[in-house]
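A short reminder: the numbers here are calculations on the coordinates, not readings from a lab. Since we're looking at a predicted model, the values are computed, not measured. Here the Cβ positions follow ideal geometry from the backbone for every residue, glycine too, while neighbour counts run over all protein chains shown.
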Amino acid sequence: MYSHASESLIKQAREIQVSELQKFYSRLMKMLQGKELGHDTVDSLQRLHLILSAVSKGDLSSLCTQLLRNLESRPSEGPTHSLMHTLPVLNSVLTHSPECLSEDQMTLVSKKLVDWLRYASVMQGVGTSSGGFFTGPRSRQPVPIAELDGSVSGDFFTVLCVGQGFTEDQWMNVYSFSMLRHWLLTYHSSCSTTVDADDRSEVDGSVVSMVSATSSSSRLLPPKERLREKAFQYCQRLIEQSDRKAHKKTDTELQKACLVEAVCILDCVCVEDASLVYRTFPCIKALFGRLSSELSYARVLLPIAQFYLNHGEIAAVDCENVWKVVFGRFPTELFNDPFLAHELLRFLRLNLESIELRVPQYTRYFPNLLKFLAWDSPAMVDDFVDLLPSMVTTGTAVELLHTLLDLPCLSATLVLQHRSTCLPISEPVGRSFVSLDAFRNPSFRGLFLFLLRTEADSAFFTNLLHLYLLVLQFTICALLKKYVARLFQIADEKLLAHLILVMLERSSLLLNIPAYIKEIHRVFSCHLLRLCKLHPSLVVNQSHELLEFAGSTANVYSKEELYTHVVWVLGEYLSVSCDSRCSVSLITSCFEALEAVLFEITSSAPPTGKVCPAPKVINTLMSALAKLASRSHDLIPRVSLFLSKLRTVTRSGSVAWCSDEEDLVAIVTRGEELWSLLKAPGVAQSVLTPPPHVIAPQWHRDTNVALPLQLRALTSLTHSQ
């Protein structure tokens, strides 16, 4: 949240008109051309920085040229800190208008960055207030800069050097480092060079020697290549400095931030010049070995993983340990770290194509990665909607479906795991700690370890967790849609048949939240229809399991949506026209199973605690029986007898199995329609199961019927008028 004053300034910046902006640019350029840059100029530069952050308006070329002249003409040291304000503004200008620099101007900036990065003063400033995070008393005599551990620095100045005061060129060193990666990505990406086999000999295991030893030929390099070399040396020195024990916690955090930036910059320069990969990898490998066991450095390890992903194949190094940490240890131990979760999922999304190609074992870690989603579902669902298709393979499809359905259980288990580390084992056992005791009970350890493969507040667990799991149902349904969409692309009929079995089994094994169960059953029903429509032979392949499910009266009351769709696909696709293996005996078996269920639910009241079956269920059962009878005429008398009895029973008034009079009328009406159809078996089959060309007619295209001829004749007559 911004303060009221800040919001007012931002609003003014966003609402500034183009004409007013151009006047402001002209006034600022006149200020920059002056010999002395006063407070008004600094204030104007700061305002410009705000404007550029809020909008990208107007032509910035002339202003950019003047800023560059100011950088070039101002002395390296002086009474003002004009350059400290000019460089960040220039960086903002380049962010919004990178095309405003000419080749000569890019060369100029590259040269200035080299000077500031590599050749800043190594003595502390005299009588200069440090400000910012460089705080300390004033110094009378210049003394050498120091390292974070208090020792005197023996090498060039970097952002990790400390002192009582700092010169302008040292501040420019800090600012240059902060914009270096952006500069390299913006203006150096087209200057990549190829790898020379002789570059392998440049590998040197000593970080210090690589940092301290400056090649005598580096000054002969073109400006862009020279900046790349100096950036390489600067980052190597930062990595060496990060190994020093800082006296302050804030300095430790600064070391981590600088490590992130240094590794990212090294990645950039290696992308531009692959010959640097062999000089860089020993340092990166050593850094990974030093930090991989420290979870507090997880933020640094992600850029290291990016470096391995981009360059591991070129350097022919084994990356397996890196992926074990990133995909294995991070989600297992840091699933409740929202920043890491965001960064890791962003890393996956940005590099998904490369990861699928170079890290095939990535798909094995899906149970671990889903812990981020289980812990913070609303914040992560968009990421996983994008990532889930990459996790669906023929080898993971079945287990992934189980894992998605178990997501609420995983969420609850993660909460228990987190609480178990916060509460002592000797905590008194009470009603509110039953779940926690179960988590610690060795008898249930295997179950929890399976769910986890790879705050002590009972009110949260009994109330908020329940609401949280309700939110999860929408997350799971969204992911299931992505899952099935990907499944249709990769799965063969054998795998699809297995998944139908899984859906039927898991329909009974879901978290006991009615709304969640209903939504999952709805999703299962929808996808069951899609599967059977694309592959009708699946109904014959899985006929035993489908009949077992449809023959259970209990499913009518507990799984109404899914049960209705199972009955529908049996009646629709259990036909010789869909699969030549469909025999009369199979049709009869299906008929008898459905007939028994229909007779049972229309002969008595529903079980205690259950409501009457929906009319849709009864109508679907009657329609399925009629369809099956139309394909095996011996069954017609049996279904006709039931339909006639149904009409007779309902004439006496209300019935126990239907509480609504309108619903009962609809059921009887449907029964009479089916009874009338079955009196003419040939017509019944054509109406109840029409052939494909009737369902999707194309008579206007068929030249074998008279309709096209009639249409052409009518067209000719109308046009002739």
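Which order do the peptides 299-311, 384-396 come out in when sorted by mean C-beta neighbours inside 10 angstrom, highest first?
299-311, 384-396
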**Request:** Hey, can you grab everything whose amide H is under 5 Å from the amide H of Asp273? Only 5+ residues off in sequence or another chain; H modelled, so Pro and N-termini drop out.
**Result:** Thr193
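Could the peptides 170-179, 313-322, 635-644 be put in order, highest first, of the mean number of other beta-carbon atoms found within 10 Å of their residues?
Descending packing order for the listed peptides: 170-179, 635-644, 313-322.
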**Asked** Once segment 556-625 is represented by equal point scatterers at the alpha-carbon sites, with solvent omitted, what log10 I(q)/I(0) does the Debye formula produce at q = 0.18, 0.23 Å⁻¹?
**Response** -0.69, -1.01
**Item:** Overall dimensions of segment 382-422 as given by Cα atoms, namely Rg and Dmax in Å
**Value:** 13.2, 40
**Message:** Ranking request for peptides 525-534, 262-271, 600-609: highest mean number of other beta-carbon atoms within 10 Å first, then the rest in descending order.
**Reply:** 262-271, 525-534, 600-609
**Message:** With viscosity set to 1.567 mPa s at 4 °C, what whole-number translational diffusion coefficient in µm²/s follows for segment 517-613 from Stokes-Einstein and a Kirkwood radius over Cα pairs?
**Reply:** 92
**Request:** Straight distance only, please: which lysines reach the Cα of Lys224 with their own Cα at less than 19 Å, same-chain residues fewer than 8 apart left out?
**Result:** Lys111, Lys112
**Request:** Could you pull out every one of the lysines with an alpha carbon less than 19 Å from that of Lys256, ignoring same-chain neighbours closer than 8 positions?
**Result:** Lys245, Lys248, Lys285
